[in-house]
Amino acid sequence: MKTFRTERASQSWLRSANCDARYGAALLVALAVVLALCASGESGREALRYQRAPLAHGQWWRLLSAHFVHLSLTHALLNCVGLVLLWMLLAREFAPLRWTWILLCSAAAIDAGLWFLRPGVDWYLGASGVLHGAFAAGAVALYRRGDGLGVVLTLLLIVKLVYEQYSGASVFAGDLPLVADAHLFGALGGLIGAWMPRAGAKPL
């Protein structure tokens, strides 16, 4: 009986943390992809990051792959921690396909923003911009359904973005270089993805 109760408690915790069944499997896959690409080293980073000159010559895969590669293992682990925290808080706020749409909108907003509005940014990589898109979309979804946590998360996100815009420094990444505009563009893209759904899907 005790073992059964322990198993039930474990299953309940995993579900409350959005880490049960397919949610847990999807999170593990996402973390594995980020860490595996980190192991590709400098050559992998150079081949996959957002970089203006290669993009101008047709290397379009960089528009997507840039959001999966990182400067270092420390950089990757920081983003993995961010992903886990956001997953535990927000994973069930949207259906999986809707999340995919939101993240694609966030990535597209970062790429377009850097290309058209920040031509001085020669290269960019990392998942943090897209994570800000998930943060923004999920926080507003919580707020709209009356969860007070949504207000707290929305205010925290606004304060973080404003701080980064004025200081040029990251709140959590220490001495790692920061493209603050990527976080801002990512958050705006996440909101656009939440409000402008895929064909046939309901808006936020």
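Tabulated results
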quantity: Any helices (runs of 4 or more DSSP H) falling wholly within segment 1-113 and containing at least 1 residues that are open to solvent by less than 80 Å² (accessible area, probe 1.4 Å) and touching a residue at least 40 places away in the same chain (Cβ under 8 Å); calculated: 21-38, 41-48, 52-56, 62-65, 73-90, 96-112
quantity: Complete set of residues in segment 155-178 that are of a type outside the set (A, V, I, L, M) and open to solvent by 40 Å² or more (accessible area, probe 1.4 Å); calculated: Y163, Q165, Y166, S167, G168, F172, G174, D175, P177
quantity: Test: L142 is open to solvent by less than 10 Å² (accessible area, probe 1.4 Å), in contact with an Asp or Glu (Cβ under 8 Å, 6 or more places away or on another chain) and either modelled with pLDDT of 95 or more or more than 26 Å from E93 (Cα to Cα) (or both); calculated: yes
quantity: Residue in segment 114-124 that is of a type in the set (A, V, I, L, M), in contact (Cβ under 8 Å) with a residue 12 or more places away in the chain, open to solvent by 20 Å² or more (accessible area, probe 1.4 Å) and out of contact with any Asp or Glu (no Cβ under 9 Å at 6 or more places or on another chain) present; calculated: no
quantity: Checklist (1) among the small types (G, A, S); (2) touching a helix residue (DSSP H, G or I) at 6+ places or on another chain (Cβ under 8 Å); (3) surrounded by fewer than 22 Cβ atoms within 10 Å (Cβ to Cβ) applied to G133, failing item; calculated: (3)
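The values are calculated or read from the model by the stated rules, or taken from the named source; none is laboratory data. Keep in mind that this is a model prediction, so the values were computed, not measured. A quick note on method: Cβ atoms are made from the backbone with ideal geometry, for glycine too, and the neighbour counts reach across all protein chains shown. Protein only, heavy atoms only, side chains kept; ligands, DNA and RNA dropped before computing areas. Shrake-Rupley method; radii C 1.70, N 1.55, O 1.52, S 1.80 Å.
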